[in-house]
Each structure stands twice: as structure tokens, then as C-alpha cells.
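S.K.: I have a structure here, written as C-alpha cells, and I will follow up with some questions on it.
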Amino acid sequence: MNLTGGDGKKVVGNTTQSSYRRLHELIASALDYCVSQQRVDKVVLRLERAKVMIEYQSARGQVSPGIKEVLEAITDSTKNALRGKGGGSVKEVCRYARLLLDAVAVLVYRHGRK
């Protein structure tokens, strides 16, 4: 899948930049907290809150199904890894999740609605 071209536009769909920015901030703050504090319980709670906001923005039509799916995959995979269901250290898992989250931001800013 070439996410920088036509496939990227399909994934981003009707996502607005401002809605993605709000979700990015929620998820990124949880991941950054994870890297600095390693308080898994609080990170999982923050990621659960982010999932509620993902659902909300999706229901409002501000986030495409493709972006919703990607963000849910990031939050779910991170939570599973933090609960010991994946490999890697807590910091490593959160750093990779943050990198992926930032990569999706590039797609949204390239193809999303203003």
C-alpha cells in the first residue's frame, strides 16, 4: 500500500486536520508520559480515554474509517504490549507507537481537510 499517494488519500478520507490534531495530542501525551514515567496503569487509562475520543470524532464524521482503524490499532497494540502481551520494553513500545502516530499525522496534513 502506497500511503503517500492515492492510498493515503483513501485512508485519510474525510478526516479534518483539527480533529486529528486533537486525537494526536491525546494519544501522544499518553505515550510521552509512558516514556518518561513508565506508569503502565495510567498510560492504559489515558489510551482508553483516547479511544473514546476516537469514537466520538468518528461519529461526528470528522475522522475517516481508515484513520479510526489506524488509531485504534495503535492504542490497542500499545495497551496489549504494556500489559505484557507483546515484546519489548515499555519505553520501546511507546516510542514506536509515537513514531507511527507521527507518521499518520504526515498523511493527514498532506491529504486531510483543513
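S.K.: Taking all pairs of different Cα atoms in the chain, averaging 1/r and flipping that mean, what Kirkwood radius in angstroms comes out?
M.R.: 14.0 Å
S.K.: When only Cα pairs under 8 Å and 6 or more residues apart are kept, what is the percent relative contact order across the chain?
M.R.: Working: 137 pairs, mean separation 50.1, N = 114.
Reported relative contact order: 44 percent.
S.K.: Further question: Using a Gaussian network model of the chain whose springs link C-alpha atoms within less than 10 Å, name the residue from Gly13, Gly66, Gly84 with the highest mean-square fluctuation.
M.R.: Checking each option, the largest mean-square fluctuation is seen for Gly84.
S.K.: What are the residues whose amide H is under 5 Å from the amide H of Thr15, where those residues sit 5 or more places off or on another chain and H is modelled from the backbone?
M.R.: Here the answer is Ser64, Arg113, since their amide H atoms fall under 5 Å of that of Thr15.
S.K.: Another one. Once both axes come from the Cα atoms, what is the angle between helix 90-111 and the longest principal axis of the chain, in degrees from 0 to 90, rounded to 10?
M.R.: Around 10 degrees separate the two axes.
S.K.: Something else: With springs connecting C-alpha atoms under 10 Å apart, model the chain as a Gaussian network and identify which of Val93, Val40, Val52 has the largest mean-square fluctuation.
M.R.: Maximum fluctuation in the GNM of the chain, among the listed residues, is at Val52.
Quick note: the coordinates plus some simple rules give every number you see, no bench work behind them. What you are looking at is a predicted structure, and each value in this text was computed from that prediction instead of being measured.
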